[in-house]
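The values are calculated or read from the model by the stated rules, or taken from the named source; none is laboratory data. Keep in mind it's a predicted model, so treat the numbers as computed, not measured. Neighbour counts run over all protein chains shown; Cβ positions are idealised from the backbone, glycine included. When the accessible area is computed, the model is the full protein with side chains, heavy atoms only, and any ligands, DNA or RNA have been set aside. Shrake-Rupley method; radii C 1.70, N 1.55, O 1.52, S 1.80 Å.
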Amino acid sequence: MPLYLTDDQAMLRDTARSFMAGEGAIASQYRKFRDMNCKDGFGHALWRHFGEMGFTGILVDEADGGLGLGHVEAGIVLEEIGRNLTPSPFLITAVTVVEALRGTPLRERWLPGILAGETVGALAVDEGARHRPEAIAMQAERSGNGFALSGRKQFVVQGASADFFVVAAQAAEGLTLFAVEKGANGLDVEGVRLADASIGARLEFERVEVDADAVIGEVGQGEAILSRVLNAGRAGAASEMVGVASGAMDMTVDYLRQRKQFGKLIGEFQTLQHRAAHLYAELEIARAAALKAQQLLDEGGSEAEAMVSVANAKAGRVSTLAVQEGVQMHGGIGMTDEHDIGLYMKRDRVLNALFGDAYYHADRLARLKGY
Amino acid sequence: MTDLETFRTETRAWLETNCPAEMRAPVRGESDMCWGGRNPAFQSEAQKLWMERMAERGWTVPDWPRDYGGGGLSAAETKILRQEMARIGARNPLMSFGISMLGPALLKYGSEEQKKRFLPEIARGEIRWCQGYSEPNAGSDLASLQTKCEDKGDHWLVNGQKVWTSYADKADWIFCLVRTDSQAPKHQGISFLLFDMASPGVSTRPILLISGYSPFCETFFDDVKVPKDQLVGEVNKGWDVAKYLLGHEREMISGMGLGGNGESLGAALAERLSDDPLLRAEVARFDVDAMAFRAMSERFIDQLKAGQAHPAQPSMMKYAGTELNKARHELVMAAGGADALEWESERSKGGKAAREWLRTKANSIEGGTSEIQLGIIAKHILRLPGT
């Protein structure tokens, strides 16, 4: 498969681009929900609109009412989300949670709502401040015909508005994933506003009882599913970071073409030209890496695992470079809340932390390569 | 089976049968490559055989037309051929400025007669070419070149000096930028000329580099007579040919950047990293960059073949690829420690690591400096205002 978008994929990109620029734009979504101090951090009407557009069904099989597309297509939508800072549950619900439910009986329970843009699912994996899925300690004890879950989770994005959670816990047989409904007895959800105005949650599980049919896949077989889920999230986050970087860079390059100092357009200064050109090169490389990772995921290529970490680490570093250069080159105005460039900086930081940052993924790549 | 699947099966079988075992290993530096030429210096019988077998099928230049010695393959078939070569680690059968630089320029700007005359011999590796672009006062500011070319009716007369002519001492012919109109604005009085390095009046002298090697030369032209039909394109329009060719040169340099075999640097250095966490971290970061760049290279080639690449994109590839290559060799030197610093010993294979490290420093200078490439990106891709 050539490493550029097919005609169909380019069409999806154009659709997603105009949708996000219109419906999902910063003023109408990001700022609006931030400024009203919304408890969800996003608008449900827009999420339903995602459903009407078919975006929610990108990774859902056609037999289940979805579009049956792949990670490349999810990445296309995510890049446009990143470019416009569109607040939505797309990455977590329509990518990682859908990936978790794929091929399991639980999909009948949850997919129709997700497809319609009515339901929000969240991912409860991390327990510490940094992404460490290898160190999951939450316990799942056998209890009645099911399990009792005890422990805590944090950085559960959209956790405060989620209808259910995909939860990773240790059963006697090994790591197991569960679908746990909001309002379960013993489950405490505390919403926390993050730097980018999105809402994450801390979850406390105090012997939360779930039936055996809440198990996603097989008991003790959670590691393989979790790895699929995390790869989907990591590749998706890479695309969203490429989008964030592109949005920030476009804004910055526009500014270089307009702002005058010393009687010149600042874009005429070679120092700034070279920094902008360096950023361009880095961004193109990150975009290629994300697309490669997604193609490999869709094809089941053997290098997919490594390439996902490459894509996430590279996109993370480039996105950070883009927002830093963006704020710096905007000068004083870049520090104001009124200007949008700073919003990109905040979103970048959250996305970088979400599925493991560039340090985590460089280390993971090194381990995969045997050093 | 589709045609492409059949092509893949047949190509795989052919390569398995015809690629000698010795040629299924990465090239160990510039001196290990097969360059062809009038008096070819093959490193081994296998190297000779491999070049000849590939040339016979036109696969030294798989996507050139068959009429000009090429393989006549489509973009998709060419990609399959590359994938199948990569699968068995088959090396490039012929390294040639004729293939990577002059050929594409002739295909676009050459007369039919010139294409028929020069392209097949390039494909077969019979003539080794060098490039006469830079001059002592025309490096980054290439268009200020002064080598004088006068129309003497039945021939051109060339006088002047070139510098940084890679392998001029080993080359058979030169493709050369010359000034045919000294009154015109500097970009408009340049022509693109081909001639034999054995012509009377051509002399050349190697320039010793910090690596102790001299891939580059100074080249002098003293009343060199060149037949009239060896000028490519129109008189005084050579700058168009030159720019087009530079794009291909940048493409080639960026492709050479990573050694091509896709191996992780960390995996290669693994035992030297185990007790050095900071170095391991730097190498891991390099591997992220290198694998991401490799994806970019694949994307760039796919986009080129599909006509989707921006004309200034080779500048981006050249910039990123050569900076990355320098970073790679800094890490190799750091990991090698004292071993890598031995300049002449057998242990160090004659200071191979150190000499290659020093050689990479020219990567971001030759073929247009990194700063020139960044300027091109800023101007032609980002459309930042000119000064």
Only one of B:111, B:100 that is surrounded by fewer than 24 Cβ atoms within 10 Å (Cβ to Cβ), under 14 Å from the mean Cα position of the chain (by Cα) and among the hydroxyl-bearing types (Ser, Thr, Tyr): B:100
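Condition check ((1) modelled with pLDDT under 95; (2) not small (Gly, Ala, Ser)) across all residues:
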| residue | (1), (2) |
| --- | --- |
| B:5 | yes, yes |
| B:13 | no, no |
| B:77 | yes, yes |
| B:83 | yes, yes |
| B:90 | yes, no |
Selection count, the range B:124-159, where residues are open to solvent by 20 Å² or more (accessible area, probe 1.4 Å) and either in a strand (DSSP E or B) or touching a His at 6+ places or on another chain (Cβ under 7 Å) (or both): 7
Unique residue being open to solvent by less than 40 Å² (accessible area, probe 1.4 Å), modelled with pLDDT of 95 or more and more than 12 Å from every other protein chain (Cβ to nearest Cβ) when the list is B:245, B:231, B:278: B:231
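Does residue B:372 fit the bill of being open to solvent by 40 Å² or more (accessible area, probe 1.4 Å), assigned to a loop (DSSP other than H, G, I, E, B) and within 20 Å of residue B:141 (Cα to Cα)? Lay out the reasoning, then the answer.
On the way: open to solvent by 40 Å² or more (accessible area, probe 1.4 Å): yes; assigned to a loop (DSSP other than H, G, I, E, B): no; within 20 Å of residue B:141 (Cα to Cα): yes.
No; evaluated as a whole, the condition is false for this residue.
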Selected residue (only one of A:52, A:23 is of a type in the set (Asp, Glu) and closer than 26 Å to residue A:201 by Cβ): A:23
Members of the range A:309-324 found to be β-branched (Val, Ile, Thr) and either over 28 Å from residue B:377 (Cα atoms) or facing chain B (nearest Cβ under 8 Å) (or both), listed by number: A:310
Pairs with Cβ under 6 Å, 6+ apart, first in the range A:1-26 and closer than 22 Å to residue A:70 by Cβ, second basic (Lys, Arg): A:3/B:299
Residue within the range A:277-296 that is surrounded by fewer than 24 Cβ atoms within 10 Å (Cβ to Cβ), at positive phi and either more than 7 Å from chain B (Cβ to nearest Cβ) or not hydroxyl-bearing (Ser, Thr, Tyr) (or both) present: no
Pair list, Cβ under 6 Å, 6 or more apart: the range A:140-161 residue of a type in the set (Ser, Thr, Tyr), other residue open to solvent by less than 20 Å² (accessible area, probe 1.4 Å): A:150/A:205; A:161/A:40; A:161/A:120
Unique residue being of a type outside the set (Phe, Trp, Tyr), buried (at least 17 other Cβ atoms within 10 Å of the Cβ) and under 15 Å from the mean Cα position of the chain (by Cα) when the list is A:59, A:12, A:69: A:59
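To keep it simple, each residue is scored yes or no on (1) of a type in the set (Ser, Thr, Tyr); (2) in contact with a His (Cβ under 9 Å, 6 or more places away or on another chain); (3) within 18 Å of residue A:350 (Cβ to Cβ); (4) open to solvent by 10 Å² or more (accessible area, probe 1.4 Å).
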{"position": "A:64", "(1), (2), (3), (4)": "no, no, no, yes"}
{"position": "A:110", "(1), (2), (3), (4)": "no, no, no, yes"}
{"position": "A:117", "(1), (2), (3), (4)": "no, yes, no, no"}
{"position": "A:123", "(1), (2), (3), (4)": "no, no, yes, yes"}
{"position": "A:150", "(1), (2), (3), (4)": "yes, no, no, yes"}
{"position": "A:155", "(1), (2), (3), (4)": "no, yes, yes, yes"}
{"position": "A:167", "(1), (2), (3), (4)": "no, no, no, no"}
Matching residues, the range A:190-218, being on the phi < 0 side of the Ramachandran plot, touching a helix residue (DSSP H, G or I) at 6+ places or on another chain (Cβ under 9 Å) and crowded, with 19+ Cβ neighbours inside 10 Å: A:196, A:198, A:199, A:200, A:201, A:203, A:214, A:215, A:216
Test for residue B:193: is it in contact with a helix residue (DSSP H, G or I) (Cβ under 9 Å, 6 or more places away or on another chain), aliphatic (A, V, I, L, M) and assigned to a strand (DSSP E or B): yes
Any hit, the range B:130-145, residues being touching a strand residue (DSSP E or B) at 6+ places or on another chain (Cβ under 9 Å), modelled with pLDDT under 95 and more than 19 Å from residue B:238 (Cβ to Cβ): yes
Set B:76, B:90: member being assigned to a helix (DSSP H, G or I) and within 27 Å of residue B:4 (Cβ to Cβ): B:76
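From the list B:17, B:60, B:78, B:6, which one is buried (at least 21 other Cβ atoms within 10 Å of the Cβ) and not acidic (Asp, Glu)? So that I can check it myself, show each step before the final result.
Working: B:17 fails: buried (at least 21 other Cβ atoms within 10 Å of the Cβ); B:78 fails: buried (at least 21 other Cβ atoms within 10 Å of the Cβ); B:6 fails: buried (at least 21 other Cβ atoms within 10 Å of the Cβ).
From the options B:17, B:60, B:78, B:6, the qualifying one is B:60.
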Cross-chain or 6+ apart pairs with Cβ under 6 Å, the range B:363-387 first and within 8 Å of another protein chain (Cβ to nearest Cβ) and without any contact (Cβ under 8 Å) to a residue 12 or more places away in the chain, then outside any loop (DSSP other than H, G, I, E, B) and charged (D, E, K, R): B:385/A:268; B:387/A:268
Meets criteria (facing another protein chain (nearest Cβ under 8 Å) and either under 19 Å from the mean Cα position of the chain (by Cα) or surrounded by fewer than 24 Cβ atoms within 10 Å (Cβ to Cβ) (or both)) for residue A:265: yes
Given (1) modelled with pLDDT under 95; (2) open to solvent by less than 20 Å² (accessible area, probe 1.4 Å), index of the condition residue A:94 fails: (1)
Residues being more than 8 Å from chain A (Cβ to nearest Cβ) and either crowded, with 22+ Cβ neighbours inside 10 Å or of a type outside the set (Asp, Glu) (or both) - total across the range B:281-296: 3
Residue in the range B:37-48 that is in contact (Cβ under 8 Å) with a residue 24 or more places away in the chain, open to solvent by 80 Å² or more (accessible area, probe 1.4 Å) and touching a helix residue (DSSP H, G or I) at 6+ places or on another chain (Cβ under 9 Å) present: no
Any hit, the range B:29-44, residues being more than 17 Å from the chain's Cα centre (by Cα) and under 16 Å from residue B:88 (Cα atoms): no
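A quick yes/no check of all residues on (1) part of a loop (DSSP other than H, G, I, E, B); (2) free of Cβ contacts under 8 Å to residues at least 60 places away in the same chain; (3) within 22 Å of residue A:309 (Cα to Cα):
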residue: B:295; (1), (2), (3): no, yes, yes
residue: B:309; (1), (2), (3): yes, yes, no
residue: B:314; (1), (2), (3): no, no, no
residue: B:329; (1), (2), (3): no, yes, no
residue: B:334; (1), (2), (3): no, yes, no
residue: B:346; (1), (2), (3): yes, yes, no
residue: B:356; (1), (2), (3): no, no, no
residue: B:359; (1), (2), (3): no, no, no
Entirely in the range A:302-371, the helices (runs of 4 or more DSSP H) that have 3 or more residues that are under 21 Å from residue A:260 (Cα atoms) and open to solvent by less than 20 Å² (accessible area, probe 1.4 Å): A:304-330
Residue match in the range A:171-180 (condition: closer than 19 Å to residue A:203 by Cα, open to solvent by less than 10 Å² (accessible area, probe 1.4 Å) and hydroxyl-bearing (Ser, Thr, Tyr)): yes
Helices (runs of 4 or more DSSP H) lying entirely in the range A:31-126 (those with 1 or more residues that are touching a Gly at 6+ places or on another chain (Cβ under 9 Å) and aromatic (Phe, Trp, Tyr)): A:32-35, A:44-53, A:106-116
